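Here the structure is laid out as structure tokens; the discussion comes afterwards.
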Amino acid sequence: MKVYDAASIRNVAVVGHGGCGKTQLVSALLFASGMVNRLGKVDEGNTVTDYDDEEIARKHTLAASLAYAEWNKTKINLIDTPGFGNFFSDARAAMRVADAALVVVDAVAGVEVQTEKSWNAAHELDLPRVVVLNRMDRERASLERSLVSLRQSCGRTVIPIQLPIGDEKAFRGVVDLVAMKAYTFETDGSGKMTEGAVPADLAETAAAAREALIEMVAEADERLMEKFFDAGTLTQDELVAGLKLATQAAKVFTLVCASGLANIAAQPLLDALVNYAPSPADRPFRALDAAGNEVSRPADDKAPYAALVWKTVADQFAGRITMFRVFQGCLKADSAVQNATQGTQERLGHLIEMQGKTQTNVPEIRAGDIGAVAKLKDTRTNDAIADKAAGLTFAPLAFPEPVLAYAIEPKSRGDEDKINQSMHRLEEEDPTIRYARDPQTHELLLAGQGQLHIEVTVAKLKRRFGVEVNLKPPRIPYRETITARAEAHGRHKKQTGGHGQFGDCKIRLEPLPRGSEFEFVDEIFGGSIPRQFIPAVEKGIQESRLRGYLAGYPVVDFRVVLYDGQYHDVDSNELSFKTAGWLAFKDGMSKARPTLLEPVMNVEVYAPSDYAGDLMGDLNGRRGRIGGMEPRGQMTVIKAQVPMAEMLTYEQHLTSVTGGRGTYHMEMSHYDEVPSHQQQKIIAAAKTDRGHSMEAEA
Ligand SMILES: Nc1nc2c(ncn2[C@@H]2O[C@H](COP(=O)(O)OP(=O)(O)OP(=O)(O)O)[C@@H](O)[C@H]2O)c(=O)[nH]1
Ligand SMILES: [Mg+2]
């Protein structure tokens, strides 16, 4: 295994919509470059990058994985990423450490939801992009139609540098518009390539397409534009150099054609990545200096080391695997390093190059390269492994907050500890899940980016850690409040044998604005209740308000004013006043017109505009309030506020209505009153569920 310098490395994040063929294409690139000796297939479960059991079972990538192709003395790091929206944060993380994105587009479907999302995320990072029209061998695959949708969503500077030879099943190669040569391939999947002249029937189209390419390249650079005007064209050298610069500046996005499954045109794609995608040496990296300011630095392998951890994997055998990109300097095996984010020391053992799950030890990893290390103690995703002398950290990758939660229950009792431990390891690997016990409902909640995400997490829990759980929709964290002021009285008096018990208090309940929780105000003057018993009254009220009155949910957004009371010299004690507080609270609640509150979510739905009408109707039916609707290309964003209780089944609905093309996101907005007919149902359900603990019945 060689060690590569920055100039001979390409870091490429392979991104795009689910099922567009990213994994299959990476498989073809690895086979074409001789890294593996057969063409792995997603459908046969033997690709390099979908190696996780869950990925093989589902035939979809669920986490970013790393592979590399050596091609023309260059190491091309390929990060295969998931196309499903639920797992998009891994694609983002991959783009963050890449110098280019390979945006894979299905030549039949054209631009899809995640294509667009990937494109926008790459745009935010100023990331150069190469577009590959994949699945060119399929029925109804079309360069022309795909280009229309690409230009609409991604701009007019998406420009073919190849034309396909043969349509659909007859697709057998490409014309390279830069070299003006034809590359044709055996159709047996062997990837055997023949170089030849441009076929006569394509000569005219190819010449016109080459002209369009030259013009686009000239447009991206003033100096070239002048030359183009003077000479009417560009020289071959100017075209090649100009295309590289325009790609690197993310001004022009070259488009190539391929079929990953038929293994056609993998070699020209590898050439395009080597020739046009920037190396780390071409692209200074961004980091934060000691003062937290963004700085831009070259990939200098003589500088003090600085690397960013972009992914952590909880491997059941190897333990924790930490994947990083070295931005400057050099990490060496068996050395002590600093974690600049945590301010701790770590010991690097073996450094690893990853070819999917296959790990090879390497002595060092230099500036610009991506690698991994096993068994670090404290280092987590987003940390900077950086020498103090470098004085650098990195702006953290932002991970999205969970969209929805499920309750999980161990299948066998006594598994709870094991679940806790395993979930914490999975949380480390996947920062977009949250696992915690709900303090209000006491359920174990697993929250994630969608139903699929949660199912996959539970499946990992079973496969990797051997624990099985049941998934249930979570209880909705309802709350209770009051809508009217009320005065109330609580008196606790008991005479049992010797000492009696006596406490008496008068309180006022007052509604407060949403979000104010609870206030206790002591207005006792003149000692009608002695000082030392006032905290007991408050405690009695606090405890009973948390137990709820109507349906067992905490009572919030109100104030209790304690304004009068009575005591007895001998019989009064703390317990008596606590009980008096509880009785007064119950009395007050019965008069203060209590009501139920429910969580309302801010929901954003992103779907093809054709479905907008149906989706809005559905949201209305879910008691939603539509806040707005914005077209974005062929898509529409619908914003609405919808009660959480109505959103538990939304994902299935959205998927079935839009054929999987719609996505949504939601987060907590506020609490609002539950309509009265709904309240009756919730109260009735609570009574059968846990009736005896409720104040209303006590
Ligand atoms: N006909 C044809 N089928 C292809 C091609 N590339 C991929 N496929 C098939 O399309 C399906 C999806 O391919 P994948 O490579 O798993 O797609 P992906 O983009 O990695 O999907 P995610 O991992 O879910 O994002 C598989 O059944 C592949 O066999 C291609 O070039 N031609
Ligand atoms: Mg995949």
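The values are calculated or read from the model by the stated rules, or taken from the named source; none is laboratory data. This structure is a prediction, so every number in the text was calculated from the model and none was measured. Note: ideal-geometry Cβ built from the backbone for every residue, glycine included; neighbour counts use all protein chains shown. Ligands, DNA and RNA are stripped out before the accessible areas are found, and what is left, the full protein with its side chains, is counted by its heavy atoms. Shrake-Rupley method; radii C 1.70, N 1.55, O 1.52, S 1.80 Å.
Roll a 1.4 angstrom probe over the protein heavy atoms and tell me the percent of accessible area of the chain that is carbon or sulfur.
Details: 14450 of 29490 Å².
Within the chain, the accessible surface is 49 percent carbon and sulfur.
Need one word for the range 336-409: rounded, prolate or oblate. Basis is the Cα gyration tensor (sqrt eigenvalues a ≥ b ≥ c); a/c below 1.5 gives rounded, then a/b vs b/c decides.
On the way: a/c = 2.05, a/b = 1.36, b/c = 1.50.
In terms of gyration-tensor shape, oblate.
Please find the FRET efficiency linking Asp230 to Glu168, where r is the Cβ-Cβ separation and R0 is fixed at 45 Å, and quote it to the nearest 0.05. Walk me through the numbers on the way to the answer.
Details: r = 43 Å, r/R0 = 0.95.
The computed FRET efficiency comes out at 0.60.
What is the magnitude of the charge dipole of the range 546-613 about its Cα centre, with +1 placed on the Cβ of each Lys and Arg, -1 on the Cβ of each Asp and Glu, and no other charges, expressed in debye to the nearest 20? All intermediate terms of the calculation are to be shown ahead of the outcome.
Working: 6 positive and 9 negative charges, 36 e Å.
About 180 debye.
Using label points projected 7 Å from each Cα along Cα→Cβ, tell me how many nm separate Phe518 and Arg145, to one decimal.
6.3 nm
Counting Lys and Arg as +1 and Asp and Glu as -1, each charge on the Cβ, what is the dipole of the chain about the Cα centre in debye, to the nearest 20?
Numbers: 81 positive and 95 negative charges, 266 e Å.
Dipole magnitude for the chain comes out near 1280 debye.
Cα centroids of the range 54-98 and the range 360-376: how far apart, whole angstrom?
17 Å
Quick check for you: with a 1.4 Å probe and neighbouring chains kept, what is the accessible area per residue of the range 32-122, in Å²? Write out the running numbers ahead of the final one.
Details: 2730 Å² over 91 residues.
Heavy-atom accessible area per residue stands at 30 Å².
Given the options Phe171, Thr655, Phe285, identify the residue whose Cα lies farthest towards the positive end of the charge dipole of the chain (+1 on Cβ of Lys, Arg; -1 on Cβ of Asp, Glu).
Value computed over the given set: Thr655.
Over the chain, what portion of Cα pair distances is larger than 49 Å, expressed as a whole percent? List each step's numbers first, then the result.
Numbers: 73238 of 243253 pairs.
Tail of the P(r) past 49 Å holds 30 percent of the pairs.
The range 204-254 to the range 404-448: how many Å between their Cα centroids?
55 Å
Accessible area per residue, 1.4 Å probe, Å², for the range 312-426: what's the number? Can you show the working numbers first?
Values: 4990 Å² over 115 residues.
On a per-residue basis, 43 Å².
Which one of His499, Tyr563, Gln162 is farthest out on the positive end of the charge dipole of the chain, using unit charges on Cβ (Lys, Arg +1; Asp, Glu -1) and the Cα centre as origin?
Of the options given, the answer is His499.
How much FRET efficiency would the formula 1/(1 + (r/R0)^6) give for Ala685 and Lys59, where r is the Cβ-Cβ distance and R0 is 25 Å, rounded to 0.05?
Numbers: r = 40 Å, r/R0 = 1.60.
The calculated FRET efficiency here is 0.05.
Work out, in µm²/s and without decimals, the Stokes-Einstein translational diffusion coefficient of the range 1-78 at 25 °C, 0.890 mPa s, Rh from Kirkwood over C-alpha pairs.
Numbers: Rh = 13.1 Å.
D = 188 µm²/s.
Which number do you get for Rg(Cα) / (2.2 N^0.38 Å) in the range 450-519? Each step should come with its number before you reach the end.
On the way: Rg = 24.8 Å, N = 70, 2.2 N^0.38 = 11.1 Å.
That works out to 2.24 for the range 450-519.
Once you have a ≥ b ≥ c as the square roots of the Cα gyration tensor eigenvalues for the range 164-312, tell me rounded if a/c is under 1.5, and otherwise prolate or oblate according to whether a/b is larger than b/c.
Numbers: a/c = 3.16, a/b = 1.46, b/c = 2.17.
Note, shape of the range 164-312 comes out oblate.
Projecting each Cα onto the charge dipole of the range 574-622 (Lys/Arg +1, Asp/Glu -1 at the beta carbon, about the Cα centre), which of Leu597, Leu619, Phe585 comes out farthest on the positive side?
Phe585
How tilted is helix 143-154 with respect to the longest principal axis of the chain? Cα atoms for both, answer in degrees (0 to 90, nearest 10).
Around 50 degrees separate the two axes.
Could you give the length gained by full extension between Arg463 and His424, i.e. 0.36 nm per residue of separation minus their alpha carbon distance, to one decimal place?
Working: separation 39, 0.36 × 39 = 14.04 nm, distance 1.56 nm.
Extra length available between Arg463 and His424 comes to 12.5 nm.
Could you give the dipole magnitude of the range 117-209 about its Cα centre, charging the beta-carbon of Lys and Arg +1 and that of Asp and Glu -1, in debye to the nearest 20? Before the final figure, lay out each step's value.
Working: 12 positive and 13 negative charges, 66 e Å.
Charge dipole of the range 117-209: 320 debye, to the nearest 20.
How high is the FRET efficiency from Ser590 to Glu409, r the C-beta distance, R0 30 Å, rounded to 0.05?
Working: r = 36 Å, r/R0 = 1.18.
With a Förster radius of 30 Å, E is 0.25.
Working from Cα positions, state the angle (0 to 90°, nearest 10) between the long axis of helix 236-248 and the longest principal axis of the chain.
That helix lies at roughly 10 degrees to the long axis.
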